[in-house]
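Remarks on the structure that follows.
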Amino acid sequence: MNDLQAVRAVLVTPPPAEDVVDRSRHRLQNRMQGAPRRRVRPLAIGAGLVAAAAAAAVVVATLPGTPAPAPPPQAVAPVVTGQQVLLAAATVAERTPVGTGKYWYVKTATDNVVYENWYTADGHTWFRGAKSGGKVRSLGLYPLRLAGTTVTFEQLRTLPSDPAALRDWLVNAIAHSGARTSAGPLTAEDRERELLLSMVSLVSTLPAQPAVRAAAFRSIAAYPGVRDLGPVPGGRGFLLPGDYRLVVDPVTARISHTSMFVTADGAIYGASGPQGAQVSSGWTDSLPK
């Protein structure tokens, strides 16, 4: 019998009798009802897989030579230089109104010396200190002082607000001031010191316009060798060329201490101590008696 014949034989075989089919169906149903049922617990299987994965992760993490996870990046505080602080003070000075009053008042105090001066716009000056016995004395017409040269209120109002132009103006004023030292005419080093002290005077003891004070701050910041001494009482400390010290309040752009200042008679006073002399200035409408 070939394959085709076998297939034909199956197809033409008569179906089983009806009672045979019924008996077979009953036996199958009884077997299905009596067989024990198996319950599949997929959650238990899943938990086992998770536990196995965790165990594998522990093994991998403890293998020698496995790199540790990188720590999260930390913020790094920016480095602020002394020049940046002085330039920030220049911006504050430029935005600070000059104020008004009848008298421009300047006070400088060291451990053993206190100077107080009052100036009017027309040049009259009053003084109080050890030489006046603690009383306010009139000095008559007395000019304002930069360093080696004098300056009027009108000149202060018209000083250049550009740092380079301001420097040129001061260099020319010092060169034609006739200032001398005990050893003779000013040397190049003397003139450079006068220039620096003149700019310090503009930001500390003179009623300069806001833009002029800002230009003086920027000129001081441009000096090579200006060193930031960090936070000190009264603001931020700076070491300037010539070992002069200056304390600037960055919030107000005012000078709170300086190791050098120009007195009313034009003398340059060097103050000792870690911060130098305490300095304050501003407009007032009252003259102490």
inquiry  = Tell me which of SER132, LEU170, LEU196 sits at the most positive position along the dipole axis of the range 129-208, charges placed on C-beta atoms (Lys, Arg +1; Asp, Glu -1).
reply    = SER132
task = Calculate, in nm to one decimal, what ASP265 and THR187 gain on full extension: separation in residues at 0.36 nm each, minus their alpha carbon distance.
result = 25.9 nm
request  = Show me 202-208, 99-105, 88-94 ranked by packing, highest mean number of other Cβ atoms within 10 Å first.
outcome  = 202-208, 88-94, 99-105
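Counting other C-beta atoms within 10 Å, which of THR149, THR158, THR258 has the fewest, and how do the rest follow?
Details: THR149 19, THR158 11, THR258 28.
In increasing order of surrounding Cβ atoms, one gets THR158, THR149, THR258.
Just to confirm a number: summing +1 for Lys and Arg and -1 for Asp and Glu over residues other than ALA211 whose beta-carbon lies under 13 angstrom from that of ALA211, what do you get?
Working: positive: ARG95, ARG157, ARG213, ARG218; negative: GLU94, ASP162.
Net of charged neighbours comes to +2.
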query = What ranking, highest mean first, results for peptides 126-133, 272-279, 184-191 when packing means the other Cβ atoms within 10 Å averaged over each residue?
reply = 272-279, 126-133, 184-191
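Rounded, prolate or oblate: pick one for the range 83-215, where a ≥ b ≥ c are the square roots of the eigenvalues of its C-alpha gyration tensor, a/c under 1.5 means rounded, and failing that, prolate if a/b is larger than b/c, else oblate. Don't jump to the answer; show the numbers that get you there.
On the way: a/c = 1.61, a/b = 1.16, b/c = 1.39.
Oblate, since a/c reaches 1.5 and b/c is not below a/b.
Provide the gained length on full extension for the span ASP243 to ARG95, in nm with one decimal, where the gain is 0.36 nm per separating residue minus the Cα-Cα distance. Before the final figure, lay out the partial values.
On the way: separation 148, 0.36 × 148 = 53.28 nm, distance 2.98 nm.
Result: 50.3 nm gained on full extension.
Averaged over all directions, how much area does the convex hull of the C-alpha atoms of the range 178-249 cover when projected, in nm²?
Working: hull surface 23.5 nm².
For the range 178-249, the mean projected area of the Cα convex hull comes to 5.9 nm².
Lys and Arg at +1, Asp and Glu at -1: add these up for the other residues within a Cβ distance under 9 Å of ASN117 and post the number.
Neighbour charge sum, excluding ASN117 itself: +1.
No lab work stands behind these numbers, since they all come straight from the coordinates. Here the structure is a predicted model, which is why all the values come from computation and not from measurement. Glycine also receives a Cβ, built like all others from the backbone with ideal geometry; neighbour counts cover every protein chain displayed.
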